[in-house]
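Below is one structure, written out as structure tokens; comments come after it.
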Amino acid sequence: MDKAFQQRRALLKALAALGAFGAVSAMMPAAARGATASVAPGHLGRVQGGRPRDVVFDAHIRKDTFRLGDRSGSAYSVNHAIPSPLIELWEGHTARLRVHNHLDQPTSLHWHGLLLPFQMDGVPGVAFEGVAPNTTFEAHFPVRQTGTYWYHSHSGMQEQKGLIGPLVVHPAGPDPYAADRDFVIVLNDWTFEDPHRIMAKLKVQSDYYNLDERTVGDFFDDVATKGWSTTLEERRMWGEMRMTPRDIADVTAMTYDYLLNGHAPASPWEGLFAPGETVRLRFINASAMTYFNIRIPGLAMTVIEADGQPVSPVETDEFQIAVAETFDVLITPDARPYTLMCESMDRTGFAVGTLTPRLGARAPVPALRPPPRRTMADMNMAGMDMGDMDMGGMDMNGAAMSGHDMAGKSMSGKSMSGKNVPSESHASSGHAMAGHGSMAHGAHDGRDKHSGESGHEGHAMAAGHGSESPGDIRVPATMDNRLDEPGTGLEGLDHRVLRYSELRRPVPIKDQRVPSRTIELHLTGNMTRYMWSFDGVAYSDSTPIDLVYGERVRLVLVNNTMMEHPIHLHGMFMALENDQGAHLPLKHTISVRPAARVSLLITADEPGRWAFHCHLLYHMDMGMFRVVRVLDKESAHA
Amino acid sequence: MRESIGRWTCLVVSLAMALGVGTQAQAQSAPRTQPLPGKASLDEVVPAHADPRSGSPAHWAPPVDDKAAYHTVRLDRLEYQGTGDSEAYVWDAEAWWGNDRHKLWLKTEGEGDWRTGERDHAEVQALYNRMWDDFWDLQVGLRHDIDPHPSRSYGVFGLQGLAPYGIDTEASLFVSERGDTSARLELEYEWLITQRWVLSPRLEVNASAQRVDELEIGQGITTSETGLRLGYDVTRQVSPYVGISWQNTYGETRRMRDRDEADRFAVVAGISAWY
């Protein structure tokens, strides 16, 4: 592209920006704006780009009213916008992001996925003290990355109440995927309830929001299809664990409205394109608790970025996005409207948008598919003779449990701790995992998939409740990383579904050193009591995880619960060991599936105190949270 | 005024930049070729007085509030019981306040004559509740029976939790101020007919280690209540119900009481609710 053309394009984009929500509109005086109402139809969420520059952004945080149809409730806004306005930054330039607190309580904005000095990271109690009422905090840092990110409050439950916004970092040089149209697609789960009340309800009755529980009718349906003995055996197993295969999401459409760029399905978001254009969609899951399955019926998507970091293009028809993840896709639509179908993972609801060449045109919205079920694979119980139960394509790695003895009955209490790789600096590491009767475990070959050294002996933890602390009910026997499976509920579809195993960084990751040590952390919880933790230890009983500046470590996350957890590390990317050799993808948030054991590589090159937590808001608030410190050797915990 | 000038300046500058005339500003911030600043210094990581959990200055508020106390008030049953020749009212309620590990529990239950309003039995319990196991809590505290007269007090040791298959279980041992020992076991299960229609079997068994004449109870199993209640969840927190209930007496207790009090069958209707 010649320079004159580029400039003309920048000019056109800038003109469009006058009406759109973006860095520019955010600086307009308050009287000139009414939330996002001033955006021209079909342009909400457009990424403007333009000439690379330093950016000053003033975020005025206020209590505001959010309206959906004829319902309204109090919310938090940035510059009166809910979700918060798009911030665009440029690699190689500086960002000066000023957070003005007009609330009567402390607030904060965390720049999710950005590399910056830790004091600018925006986590109260870890990175800074928070932004007190009627004060301003300025995050000032050079921008040294590109991609799609987001920002949100890290104070209390403000994130659930609208303090979420998209953030795009443009490359210093030409964009390798200069698309004709560029939209952010911000997904979130809105509620008119007080989030503290949601938390209180979950503490009293953890299945409060689940209206898909097993009934008498389901029992007889199962008997009819599977027979009495399988049904009874399967009921006995879940019953003894006091769990349910119907536990997909803790909080559901019973209280949530799922929004796309702030729009509910009743009046869907519209994105305009001209026929023949290539469109870039930057999906950001800014939800508090909800995973989404995303597809555009009739259109293939080419995934080009995950968590802001480039991946070799992968064409797919559907993908699951965990809370706090981002995925960028390119599409080339024909001259007709398309539906962006974003179904909540538990399928109690959906967010939806329309991509269209002309305003007002609609494509059909597909019906919600039946809700998924937790399966034996989620406990790694594929050895069970469960008839036609869906095994979700588990690779059992030679370990098998002989069925009937699994659930908490014969607590032979075989301590497996000797087989664990010592996990540094954690009180309850080396937990005695209760073995149950007839469990056969071969050395699993999971480590062979990783690069080999300091291999951890495979161990199969038993189902049941033989753990040390009541906040830590070890359910699944974990062995496989499950990176080659589609997300929960997306098994066995007749179209392509993105898998973590397909993510590949186009260039080799810089640090190819062998990690010097392995830190193993278990994702633990107790659904009944609604307790969540790492290694059975909640934040307030924990100590920081210390990394020595410059070291390369392997972080092994083992999910001992029956649900996915999106684990987010601030300040540094994690290379996901997914068999891509030197081309491991970099992630800021990794969704660990039930019963999965995943391995990540971290180069501790960002000095600081960094939050590390489950990004499900109510799990984090219950203490599924740690501080990771990167410091010099002398200061590090022994 | 000053602020608004600043805003307008910002606006003008940003518009100028967006329109591509801000060449000077751009020149000032050309991409850096030197190793990027923008990292904290290692000296800044550990403050002088650090909180042991966050490593941050000790006076900062914590990032998450995982020790917060929660509370609930639950009316398990507020119910009318009708038998052939008598009518009664029954209540059974509880409340707790606390965090995962430590809670204060209050429980109350009782019954009386529907027509006269006269109470036959009324008790309150105040208990310290300690998380013990994945699904079980231990409780210790006091029980005071306002009725029947004369009132009496008990020490309470309890075990409360969720048995396999999700059976709500409450087992209590009572030692009265006179040294009498008794026990109570309550089991309840929720069987979902649909997401809103719930059938709840309930079993309560009482036992006594000795004969207590004033209370008309004998040694051994004394009384039981076996109930089956069908509720409809109007909301997740309010469920009216109807059901049936058998109340039986056993052994020595049965021999001590009037024949017409020995066994009762009642049709019940009531409401359960919580907040």
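Shape summary of the range A:276-377, radius of gyration then Dmax from alpha carbon positions: 14.1, 47 Å. Under 5 Å between amide hydrogens, built in the peptide plane, is the criterion, and for A:GLU138 it picks out A:VAL99 among residues at least 5 positions away or on other chains.
The C-alpha atoms of chain B define a longest principal axis, and helix B:2-18 lies at about 70 degrees to it.
Does the range A:17-181 come out rounded, prolate or oblate, given a ≥ b ≥ c as the square roots of the eigenvalues of its C-alpha gyration tensor, rounded meaning a/c under 1.5 and, failing that, prolate meaning a/b above b/c? Here the range A:17-181 falls in the oblate category. Counting Cβ atoms of other protein chains within 10 Å of each Cβ in A:141-149 and taking the mean gives 2.
More than 19 angstrom separation, counting every C-alpha pair in the range A:560-614; what % is that? Percentage above 19 Å: 31.
I'd like the accessible area for B:THR116, computed on protein heavy atoms only with a 1.4 Å probe and all protein chains in place. Round to 10 Å², please. In the full protein context, B:THR116 sits at about 100 Å².
Mean sequence separation of contacting Cα pairs (under 8 Å, at least six apart), scaled by the length of the range A:17-181, corresponds to a relative contact order of 23 percent. Pairs over the 29 Å Cα-Cα cut-off, from the set A:LYS203/A:LYS587; A:LYS161/A:LYS203; A:LYS63/B:LYS39; A:LYS510/B:LYS39: A:LYS203/A:LYS587; A:LYS63/B:LYS39. Averaged over peptide A:539-550, the number of partner chain Cβ atoms lying within 10 Å of each residue's Cβ comes to 4. P(r) tail, the range B:160-275: Cα-Cα pairs separated by more than 20 Å, 52% of all pairs.
Using C-alpha pairs below 8 Å separated by at least 6 residues, the relative contact order for chain B is 11 percent.
The trypsin sites (Lys or Arg not before Pro) of the range A:557-638 that meet both conditions, a loop assignment by DSSP and at most 15 other Cβ atoms within 10 Å of the site Cβ, are A:LYS633.
Close amide H contacts of A:ASP182 (hydrogens built in the peptide plane, cut-off under 5 Å, sequence separation of 5 or more or a different chain): A:VAL47, A:ARG280.
The alpha carbons of the range A:197-343 give a radius of gyration and a Dmax of 20.1, 59 Å, in that order.
Take B:TYR165: with every protein chain present and a 1.4 Å probe, its accessible area is about 100 Å².
Once backbone amide H atoms are built at 1.01 Å from N, A:ILE82 has A:THR36 as its partners under 5 Å, excluding neighbours fewer than 5 places away on the same chain.
Within 10 Å of the Cβ of each residue in B:43-51, the mean number of Cβ atoms contributed by other protein chains is 5.
Over the range B:113-190, the pair-distance histogram of Cα-Cα distances with 5 Å bins from zero comes to 4, 14, 20, 20, 16, 13, 9, 3, 1, 0 percent, rounded to whole numbers. Measuring nothing but alpha carbons in the range A:119-269 and taking Rh as the Kirkwood radius, the Rg to Rh ratio lands at 1.12. Extension gain for B:ILE146-B:ALA269 works out to 41.8 nm (0.36 nm per residue, less the C-alpha to C-alpha distance). By a 1.4 Å probe calculation restricted to protein chains, A:MET157 has an accessible surface near 10 Å², given to the nearest 10.
The values are calculated or read from the model by the stated rules, or taken from the named source; none is laboratory data. Since the model is a prediction, treat every value here as computed from it, not as a measurement. Neighbour counts are summed over all protein chains in view; Cβ atoms, including those assigned to glycine, are modelled from backbone coordinates with ideal geometry. Side chains included, ligands, DNA and RNA excluded: accessible areas come from the protein's heavy atoms. Shrake-Rupley method; radii C 1.70, N 1.55, O 1.52, S 1.80 Å.
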